[in-house]
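A short worksheet on the structure shown next.
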Amino acid sequence: MAAYQEKKLAEERKHRNMQNGTKASQGQWGRAWEVDWFSLASILFLLMFAPLIVYYFIMSCAQYQCSLTAPLLDLLTGNKHLADIWNRTPMLTYRAAGIYSLWVTFQVFLYMSIPDFCHKFLPGYVGGVQEGAVTPAGAVNKYQINGLQAWIITHVLWFANASFLHFFSPTIIFDNWIPLLWCANILGYAVSTFAMIKGYFFPTNAKDCKFTGNFFYDYMMGIEFNPRIGKWFDFKLFFNGRPGIVAWTLINLSFAAKQQELHGEVTNSMILVNVLQGIYVLDFFWNEAWYLKTIDICHDHFGWYLGWGDCVWLPYLYTLQGLYLVYHPVQLCTAHALGVLVLGLLGYYIFRATNHQKDLFRRTNGHCRIWGRRPEYIECSYSSVDGTRYHSKLLTSGFWGWARHFNYTGDLMGSLAYCLACGFEHLLPYFYITYMGILLTHRCLRDEHRCSSKYGKDWERYTAAVPYRLLPGVF
C-alpha cells in the first residue's frame with residue numbers, strides 16, 4: 001500500500017514540477033513514467049521473441065552446425081516441421097537442474113557469506129563495502145563488492161577439479177547446454193516475477209518505485225529501482241555480475257575442453273576468444289565498484305529486462321563465438337590472429353582508458369590531469385525527486401572530448417575482435433557485434449535523453465562542446 005501512496009505522491013510532484021519548469025530534472029530521471037506506443041510495441045516484441053531468438057541460435061548449432069538459414073529453409077520447404085525440431089531438442093533433466101541449482105546457490109553463498117579480502121592485498125583494487133550513486137529519491141545504497149573474489153574462488157575450484165579432483169568433466173557445461181537453458185529461463189522468469197510482486201506489495205524503498213499502469217512495461221522495465229532482500233542482497237548487482245558473468249569464462253573454458261575432446265586440439269581462435277573475453281570479464285570485476293556508477297545501476301529499474309536478460313540472454317548469446325568454434329574449429333593464420341589480438345587489446349585499452357579518465361575526474365572533482373593537462377568541463381546541476389539540488393561536472397577533455405560515449409567505441413572494437421576470431425564462414429558468430437552495435441547505440445540515445453531531461457540547458461552546452469556520440473566526425 002505504501003508503494004501506491006508513493007506513486008500518487010510522485011505523480012503530484014511530477015505535475016508540480018511541470019508547472020515550475022523542472023519536469024526534466026525530476027520526472028524523467030530513471031525509466032519512463034508513461035508508455036508511448038513505440039516503447040510498448042518494442043517491449044511486447046522482446047517479451048514474445050527474445051526467448052525464441054535464444055532458442056533458435058542454440059538449436060541451430062545443436063541441429064544444423066550453426067547455420068542460421070538451414071532451419072528456416074527446412075521449415076519453408078516442408079522438409080521439417082516445428083515438431084521435428086522440437087522433438088530433437090534435449091529437455092530439462094534432473095542432472096541439469098541439480099547443476100544449475102548448485103551453481104546459483106554457490107554464487108549466492110560467495111556473494112553473501114564471504115566479505116571481500118582481495119582489496120586488502122591487491123594494490124589499486126577497490127572492494128569491500130562501497131556506496132552507490134544517489135538514487136532519484138535521494139537515497140544512497142551500500143554494496144558489498146566481492147565479485148573479483150567470487151570469480152577467483154570459482155575458477156580456482158574449476159581448475160583444481162580439471163587438474164586433480166576430477167569430480168566432473170570440464171565439458172560438463174557444453175554437455176548439458178540446452179537443459180541448462182531451461183533452468184536459466186526458469187530462474188529468469190521467477191526472479192522477474194518476484195521483483196514485480198515485491199515492487200507492488202513490499203518494496204525496499206517505495207520512493208524509488210515507478211508505475212506506469214501498463215503491466216507489460218512494468219514487468220519488462222521493472223518497478224523497483226534497487227530491490228533488495230535484507231541489507232546486502234541487491235538484485236541488480238547480484239544478477240548482473242553473478243551468476244551470468246562469472247559463468248562467462250567457465251562456459252568458454254568448457255567449450256575449449258569440448259573442442260579438445262572432439263578435434264584433438266584447442267585452436268588459436270578458441271584461445272583468442274577465451275583470452276579476450278576473459279580480459280573483459282576480469283575488467284568488470286576489477287572495476288565492480290566503478291560499475292555502481294553505470295547506467296545499469298544508476299538508471300535502470302530491475303525487471304525482466306535485467307532479470308531474464310542476465311540469466312539467459314547474457315550467458316547464452318555472449319558466448320556464441322566459443323560455441324561456434326566447437327562445431328567449426330578455426331585455425332587462423334599468424335597475420336589474422338595477430339590482427340584480432342591487436343584489435344581486441346586496442347579496443348580494451350580505449351574502453352578502459354576512457355572510463356578511467358571519467359572515474360579520475362569524478363574522484364578528484366576535476367583536480368587532476370588528463371593527457372598532461374588540467375581537464376575542461378561543463379558545470380551543471382540537477383534535482384532529485386525530493387527537490388534536493390545537486391551540482392555536477394561533465395568532462396570535455398581526453399577521450400571524452402572526442403565523443404560523448406567513446407568508451408562504447410572501444411567496447412565495439414573488442415566485440416568485433418571476438419567475431420573476427422571465428423573467420424568468415426558463418427553469420428552466427430557476428431550476431432554479437434550486431435547486437436552490441438544496436439544495444440550501445442540505443443544506450444547512447446537513452447542516456448542522452450535522460451541527461452537532456454536531467455540537466456536541461458547545461459546538456460545543450462555540453463553537446464555543443466562535444467558534438468559526436470561514438471565516432472568523431474561521423475556519429
Practice problem: Check every one of the helices (runs of 4 or more DSSP H) wholly within the stretch 365-475 and list those with 2 or more residues that are in contact with a Ser or Thr (Cβ under 8 Å, 6 or more places away or on another chain) and among the aliphatic types (A, V, I, L, M). | Solution: 431-455
Self-check item: Residue list for the stretch 78-106, filter: surrounded by 15 or more Cβ atoms within 10 Å (Cβ to Cβ) and of a type in the set (Val, Ile, Thr)
Solution: ILE85, THR89, THR93, ILE99, VAL104
Quiz prompt | Among the residues listed as GLY307, GLY278, GLY344, the single one being in contact (Cβ under 8 Å) with a residue 24 or more places away in the chain and surrounded by fewer than 19 Cβ atoms within 10 Å (Cβ to Cβ) | solution = GLY278
Quiz prompt | Hits in the stretch 430-440 (condition: β-branched (Val, Ile, Thr) and either open to solvent by less than 30 Å² (accessible area, probe 1.4 Å) or touching a helix residue (DSSP H, G or I) at 6+ places or on another chain (Cβ under 8 Å) (or both)) | solution = ILE433
Quiz item: Does the stretch 354-371 contain any residue that is surrounded by 19 or more Cβ atoms within 10 Å (Cβ to Cβ) and closer than 27 Å to SER60 by Cα?
Solution: no
Quiz item: Going through the stretch 233-259 one residue at a time, which ones are within 18 Å of the chain's Cα centre (by Cα), under 19 Å from ILE178 (Cα atoms) and either of a type in the set (Ser, Thr, Tyr) or not in a helix (DSSP H, G or I) (or both)?
Solution: PRO243, THR249
Practice problem: Filter the stretch 258-275 down to residues that are surrounded by fewer than 21 Cβ atoms within 10 Å (Cβ to Cβ) and aliphatic (A, V, I, L, M) and give me whichever is nearest to TYR327 (Cα to Cα). | Solution: LEU262
Quiz item: So which residues in the stretch 406-429 are more than 18 Å from the chain's Cα centre (by Cα) and either surrounded by fewer than 20 Cβ atoms within 10 Å (Cβ to Cβ) or farther than 20 Å from CYS61 by Cα (or both), if there are any at all?
Solution: ALA417, GLY423, PHE424, GLU425, HIS426, LEU427
Practice problem: Select from the stretch 108-147 the residues that are part of a helix (DSSP H, G or I), touching a Phe, Trp or Tyr at 6+ places or on another chain (Cβ under 8 Å) and either open to solvent by less than 10 Å² (accessible area, probe 1.4 Å) or not assigned by the TED database to the domain that holds TYR280 (or both) and list them in ascending order. | Solution: TYR111, CYS118, GLY147
Quiz item: Could you say which residue among LEU102, LEU68 is over 27 Å from TRP232 (Cβ atoms) and either without any contact (Cβ under 8 Å) to a residue 40 or more places away in the chain or outside any helix (DSSP H, G or I) (or both)?
Solution: LEU68
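The values are calculated or read from the model by the stated rules, or taken from the named source; none is laboratory data. Treat the numbers as computed from the prediction; the structure is a model and nothing was measured. Reconstructed Cβ throughout: ideal geometry from the backbone, glycine too, with neighbour counts over all protein chains shown. Surface accessibility is based on the protein's heavy atoms, side chains included, excluding ligands, DNA and RNA. Shrake-Rupley method; radii C 1.70, N 1.55, O 1.52, S 1.80 Å.
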